[in-house]
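Taking it in order: structure first as structure tokens, then the write-up.
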Amino acid sequence: EKDRTESIMQQALEVDPKHVSSNNDLAYFWSEAGKNLQKAESMARIAVAAEPDNSAYLDTLGWVLYKQGRFAEARDRLQQAVD
């Protein structure tokens with residue numbers, strides 16, 4: 001139920017646009033779908049700014065960058081997630 005999942009995540013962000021895990025979750029969801037990648041990057045950066053050592057959030061940012069073809073930046077974020 002991808003459409004329903006996306007809708008629920010968007011509703012959560014309407015209630016609290018700065019909710020860290022909701023920003024990360026929707027950013028990852030969109031990166032997997034290859035859509036809204038600029039917005040997904042902004043959302044992933046909100047999560048990383050809030051918790052810069054969170055490997056899940058770094059991973060999301062890495063995937064968003066990868067999907068945008070920004071491979072060097074993606075590699076750096078993904079390496080940070082692994083470290």
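The values are calculated or read from the model by the stated rules, or taken from the named source; none is laboratory data. Worth saying up front: this structure is predicted, and the values here are computed from it rather than measured. Virtual Cβ from ideal backbone geometry, glycine too; neighbours counted across all protein chains shown. Surface areas here come from the heavy atoms of the whole protein model, side chains and all, with no ligands, DNA or RNA. Shrake-Rupley method; radii C 1.70, N 1.55, O 1.52, S 1.80 Å.
Some notes on this structure:
- Applying D = kT/(6 pi eta Rh) to the chain, where Rh is the Kirkwood radius over alpha-carbon pairs, T corresponds to 25 °C and eta to 0.890 mPa s, the Stokes-Einstein value obtained is 198 µm²/s.
- Of the residues Leu78, Pro52, Asn36, the one whose Cα sits farthest towards the positive end of the charge dipole of the stretch 28-83 is Asn36 (charges of +1 on Lys and Arg Cβ, -1 on Asp and Glu Cβ, taken about the Cα centre).
- Taking Cα centre as origin and charging only the Cβ of basic (Lys, Arg, +1) and acidic (Asp, Glu, -1) residues, the dipole magnitude of the chain rounds to 300 debye.
- Computed lengthening from Lys18 to Ala72, 0.36 nm per intervening residue step minus Cα-Cα distance: 16.7 nm
- Computed over the stretch 27-72, the ratio Rg/Rh where both radii use C-alpha atoms and Rh is Kirkwood: 0.94
- Per residue value of the accessible surface for the chain (all protein chains in place, 1.4 Å probe), Å²: 62 Å²
- Each peptide among 7-17, 59-69, 45-55, 21-31 gets the average number of other Cβ atoms lying within 10 Å of its residues, and from highest to lowest they stand as 21-31, 59-69, 45-55, 7-17.
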